[in-house]
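I have placed the structure first, in the form of structure tokens, so that the comments after it can refer back to it.
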Amino acid sequence: MAINVIFCDKRGKGFRLDATALHERVIDEAAQVSEQYLTCPHCESEYTFFIKDPEIERMIHVKKPDIKKIKAYEDRLLERYAPQFKRKGNKK
């Protein structure tokens, strides 16, 4: 079994990834865009790990997803919605 450890930029220490660290919030309700992020259980710094909308959901659920296309599309979403992310404690 793999142990998933995430390192907090603010504390410089790791914490185990579990369900309590995973969160999701709506960024744009009309466009159905949401951000999935991790929260450090010690200092509550937030780290975005995925942003999704209906198009990226469709791209993921095809028989053979094109990871490069998905990543490029996600990067465009991040660029567009980055100002709306509510960051706590980290520099991004």
Problem set entry | Top-ranked residue of the range 4-31 - restricted to ones that are within 15 Å of the chain's Cα centre (by Cα) and not in a strand (DSSP E or B), ranked as farthest from residue 53 (Cα to Cα) | 8
Seminar exercise, completed: Residue count, the range 34-49, condition surrounded by 16 or more Cβ atoms within 10 Å (Cβ to Cβ) and either in contact with a helix residue (DSSP H, G or I) (Cβ under 7 Å, 6 or more places away or on another chain) or of a type in the set (Val, Ile, Thr) (or both), comes to 3
Exercise. Looking at residue 69, is it over 15 Å from the mean Cα position of the chain (by Cα), loosely packed, with under 11 Cβ neighbours inside 10 Å and of a type outside the set (Asp, Glu)?
Worked result: no
Exercise. Right, residue 35: assigned to a loop (DSSP other than H, G, I, E, B) and within 16 Å of the chain's Cα centre (by Cα) or not?
Worked result: no
Exercise. Just wondering, is there one or more residues in the range 47-54 that are assigned to a helix (DSSP H, G or I) and modelled with pLDDT of 90 or more?
Worked result: yes
Exercise. Looking at residue 80, is it within 15 Å of the chain's Cα centre (by Cα), of a type outside the set (Ser, Thr, Tyr), surrounded by 11 or more Cβ atoms within 10 Å (Cβ to Cβ) and more than 25 Å from residue 7 (Cβ to Cβ)?
Worked result: yes
Problem set entry | Given (1) at pLDDT below 80; (2) in a helix (DSSP H, G or I); (3) surrounded by 14 or more Cβ atoms within 10 Å (Cβ to Cβ), number of the condition residue 90 does not satisfy | (2)
Exercise. Could you give every pair whose Cβ atoms fall below 6 Å, whose first residue belongs to the range 53-74 and is among the aromatic types (Phe, Trp, Tyr), and whose second residue is part of a helix (DSSP H, G or I), counting only separations of at least 6 or pairs across chains?
Worked result: 73/56
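The values are calculated or read from the model by the stated rules, or taken from the named source; none is laboratory data. Everything quoted here is computed from the prediction, not taken from an experiment. Please note: Cβ atoms are built from the backbone with ideal geometry, for glycine as well, and neighbour counts cover all protein chains shown.
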